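Here the structure is laid out as structure tokens; the discussion comes afterwards.
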Amino acid sequence: MTVSELPSTAEARHDFAELASRPVLKRKRPGQLIAMVVVGLFALMGAYVIVTNPGFGWPTVAKYLFDVRILDGLLTTIELTVIAMVLGLVIGLVIAVMRMSDNVLLRGVAGAYIWFFRGTPLLVQMLFWGFAAVLFPTIGIGIPGGPMLVEWNTNDVLPLFVAGILGLGLNEGAYMAEIVRAGLMGVPAGQSEASHAMGFSRMETLRHVVIPQAMKIILPPVGNETISMLKTTSLVIVIGVGDLLYNTQQIYARNLQQIPLLIVASLWYILLTTILSLVQARIEKRYSRGNTIQARKA
Amino acid sequence: MSEVQFLNVHKDFSGMEVLKGINFTVESGQVACLIGPSGSGKSTLLRCVNHLETTSSGTILVGGRMIGYEVHGDRLIEAHQKDINKRRSRIGMVFQSFNLFGHMTALENVMMGPVKLLKVPKAQAEAEARELLAKVGLADRTGHYPAQLSGGQQQRVAIARALSMKPDLMLFDEPTSALDPELVGEVLDVMKALARDGMTMIVVTHEMGFAREVADVVAFMDSGVIVEAGDPNEIISRPQHERTKAFLSKVL
């Protein structure tokens, strides 16, 4: 269509060269402005209450923030998180590989593991481990139905900390298995096939070809699991492990400053989860090697 | 010695017979092309050569030695995984979908086999890998990831990767079928050079021009049998069987 055939809209009657030189304004959106005012007011009210309500006991918060018992509990919380996550990852990897095996028994056992540990509440599992000594008064190595070779008193070898680790780690393993399995299945079959055709064994293929590529699928959910685990460790209070929350409770049980002390615990939890989020972002960046989107940017 | 002999090879996939007694020989240094309609069993036959597929009965000999199986009393039993891996390391394979390792650069893809399997020192493996990549015309793409390469370039890296293991035999499973038409030539050129160097090759392909020009022997397969095999010009220009004629009239 030629210029003369253009529809005669309002603009068409203008001098286009002159129009092109005018500045462009952004159209106002009044709805957004109202929402901004309302939300801003609520935020201010919230902040006002937090600062002025003496119940929050900010001076008490400051006093206990670096209390040695709090820091001690914090260390325990970090230890529980790290060890339980490592245990969960190892179990998850083994269970995931078993679940993908072509052997019916291995697959069945892996399925049963996931079924049990995902199917019962973690809190209940935790209590079970706390009472393990009732179920198995002694632990030892021996022949089933025959004599025991070595034997220990359960309460001696299974301190509460270890019971807590087992409760958290075994449960995490079940969830991790599904995450790892999704990651392994996300790597195209052709990758393993090419590796096998070169002469790599199944384990070598897993290690050099499949797992490195599964990592970028696995890492984001593992990051979420770690952040979630940090907070879930607080469940160990039911079996009396001295973590951050347990020690916090111990303090407010005596001085009755519940709110300020719970704020102390919350501040530490949120600081740690923030750090973990930053670490997660960095690790994900490292494992995105050979990513299509990244490759296109390069 | 890298001749390949198929002796009465049968294979069924859950009751469906896809290979119905294949007898065929590829002499050492020869290029054999397997042609035929899709679903005729040619890819399956190729994948039996390095035991990516099991066989139901029959024997495949590579270099005069049985592959994938060993004698066990009066029957055959699947060979030990270690032996299979060892045999596979001497047989290069190139896939339709390239299957380059996505987390490694072109150079790393080509170095990986020698370093991890043959325990070649890294510096030496790198020098050899650069040489191979130069040979397939990709000396300037060593640091690229597969996602940054075109299909033709990826397939040439894949050929270099297969060659890095210094194979006696190369298997090509429709190496140009996933490529844009203008990229087919660069891959075929590399394969022709390889054939000139005397590599024993089995190629599943739809490229009749390539088969006619490069192959020493062409086998036409249909529904799990080799219908006819022989000199490429004879088979492609003067097919004897109706099924071969019908197929060739569609693809030529």
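The table below lists the values:
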| item | result |
| --- | --- |
| Of all residues making up segment B:66-89, the number that are in a loop (DSSP other than H, G, I, E, B) and either facing chain A (nearest Cβ under 10 Å) or closer than 23 Å to B:F13 by Cβ (or both) | 4 |
| Condition met for A:M229 (more than 9 Å from chain B (Cβ to nearest Cβ) and modelled with pLDDT of 95 or more) | yes |
| Set B:G29, B:G41, B:G63, B:G58: member being more than 14 Å from chain A (Cβ to nearest Cβ), at positive phi, touching a residue at least 24 places away in the same chain (Cβ under 8 Å) and surrounded by fewer than 17 Cβ atoms within 10 Å (Cβ to Cβ) | B:G29 |
| Helices (runs of 4 or more DSSP H) within segment A:25-121 that include 2 or more residues surrounded by 11 or more Cβ atoms within 10 Å (Cβ to Cβ) and under 27 Å from the mean Cα position of the chain (by Cα) | A:68-99, A:104-119 |
| Residue list for segment B:170-199, filter: among the acidic types (D, E) and either in a helix (DSSP H, G or I) or over 21 Å from B:I91 (Cα atoms) (or both) | B:D180, B:E182, B:E186, B:D189 |
| Considering residues of segment A:149-169 that are out of contact with any helix residue (DSSP H, G or I) (no Cβ under 6 Å at 6 or more places or on another chain) and assigned to a helix (DSSP H, G or I) only, the residue farthest from the other protein chains (Cβ to nearest Cβ) | A:D156 |
| Residue check, B:I202 part of a strand (DSSP E or B) and surrounded by 22 or more Cβ atoms within 10 Å (Cβ to Cβ) | yes |
| Segment B:143-154, residues that are within 12 Å of another protein chain (Cβ to nearest Cβ) and either under 15 Å from the mean Cα position of the chain (by Cα) or surrounded by fewer than 21 Cβ atoms within 10 Å (Cβ to Cβ) (or both) | B:G143, B:H144, B:A147, B:Q148, B:L149 |
| Sole exception among (1) hydroxyl-bearing (S, T, Y); (2) within 14 Å of another protein chain (Cβ to nearest Cβ); (3) buried (at least 17 other Cβ atoms within 10 Å of the Cβ) for B:T176, by number | (2) |
| Residue satisfying condition, being over 21 Å from A:G130 (Cβ atoms) and more than 9 Å from chain B (Cβ to nearest Cβ), within set A:V238, A:V209, A:V222 | A:V222 |
| Residue within segment B:180-201 that is at positive phi and out of contact with any Phe, Trp or Tyr (no Cβ under 7 Å at 6 or more places or on another chain) present | yes |
| Check on B:V204, touching a Leu at 6+ places or on another chain (Cβ under 8 Å) and either closer than 25 Å to B:V218 by Cα or among the hydroxyl-bearing types (S, T, Y) (or both) | yes |
| Among (1) in a strand (DSSP E or B); (2) within 14 Å of chain A (Cβ to nearest Cβ); (3) over 28 Å from B:L188 (Cα atoms), the one test that B:V9 misses | (2) |
| B:D216 being more than 26 Å from A:S288 (Cα to Cα) and either acidic (D, E) or touching a Phe, Trp or Tyr at 6+ places or on another chain (Cβ under 6 Å) (or both) | yes |
| Residues that are touching a Gly at 6+ places or on another chain (Cβ under 7 Å) and not in a helix (DSSP H, G or I), drawn from segment B:149-168 | B:S164, B:M165, B:P167, B:D168 |
| Residues of segment B:109-142 classified as within 10 Å of chain A (Cβ to nearest Cβ) and either part of a loop (DSSP other than H, G, I, E, B) or under 17 Å from the mean Cα position of the chain (by Cα) (or both), total | 2 |
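The values are calculated or read from the model by the stated rules, or taken from the named source; none is laboratory data. Since we're looking at a predicted model, the values are computed, not measured. Quick reminder, even Gly has a Cβ in these numbers, built from the backbone with ideal geometry, and neighbours come from all protein chains shown.
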